[in-house]
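Asks: Below is one structure. I have some questions about it.
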Amino acid sequence: MYLLRFTTYLVTIFLFGTVDDFVLRLVPKFKDNFSSNQVFAKQYKPYLNTQVSKIRLSEVPIPNVNFPEEVFPEIKFSEITCSKIRVQENKDLTIITLPADILFYSGKDQIRPQAEKVLSQVSHAISDRYPNTWLQILGHTDSVGSEGDNLKLSEQQALAVQRWLSEKGGINISLMTKQGYGETQPITPNSNSERSENSVARQNNDRIEIVIQKTSNHV
């Protein structure tokens, strides 16, 4: 019994220590990377200006991940030949959007063999154009299935892309963070005005976004 209590105590210390360490590193990262970005700055302003040493994760709002073309014009990378991949850019960020159906089988988180060429093109573009630059991998799903399952799937798919870029794409894993948003950040409504399913919209919403911070976090 005493051994069980002691073990539980150690696990609790480890978990809270890990969370505290994450929070402590989270605030400077927000300050360095989002303060100059017009999309995220307004949402994080109360936290970017705070002088406290750490904040609770529950107090940080989930950002509205939206990259409108008027703010982030679409461009072309010569390294990326797949027509389904979209690249947008402004002075602060580059966003590479990959439809999930070219990376994964439906509802799965294993990288498809056919996706190797696509991810190789993406990794070469990142390495050549933005060496040693911090980036985020954001996972999104459509609204088919439960919210919990979709959140878990988006996290797993973001992790799968992070691992591939690290293990096969040659990108330093310490420069990459990942986040799953499930079905909470659709580009277009998953259903039309008659509440019937919009298959085209769902396909667009089911995606991976790689957000590259161009102006900071070079190592």
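Asks: Nearest 0.05, what FRET efficiency do residue 149 and residue 66 give at R0 = 25 Å with Cβ-Cβ as r?
Replies: Details: r = 24 Å, r/R0 = 0.94.
About 0.60, to the nearest 0.05.
Asks: Starting from the 7 Å offset along Cα-to-Cβ, what nm value, one decimal, do you get for the label separation of residue 91 and residue 76?
Replies: Here the modelled spin labels are 2.6 nm apart.
Asks: Right, another one. If the chain between residue 112 and residue 215 were fully stretched, how many nm would it gain, using 0.36 nm times the residue separation less the Cα-Cα distance?
Replies: On the way: separation 103, 0.36 × 103 = 37.08 nm, distance 3.25 nm.
Full extension of this stretch gives 33.8 nm more.
Asks: Short version: ³J(HN,Hα) in whole Hz for each residue of the stretch 143-154, in order, from phi by Karplus 6.51 cos²θ - 1.76 cosθ + 1.60 (θ = phi - 60°), x for Gly and Pro, what are they?
Replies: Residue by residue, the stretch 143-154 yields 9, 6, x, 7, 4, x, 5, 5, 4, 4, 5, 5 Hz.
Asks: Could you give the C-alpha radius of gyration of the stretch 61-164 expressed as a fraction of 2.2 N^0.38 Å, taking N as the number of residues it contains?
Replies: 1.10
Read-outs throughout are calculated quantities, based only on the coordinates presented, and are distinct from any laboratory measurement. Given the structure is predicted, the values throughout are model-derived calculations rather than measurements. Because the Cβ atoms are built from the backbone with ideal geometry, glycine has one as well, and the counts that use them run over all protein chains shown.
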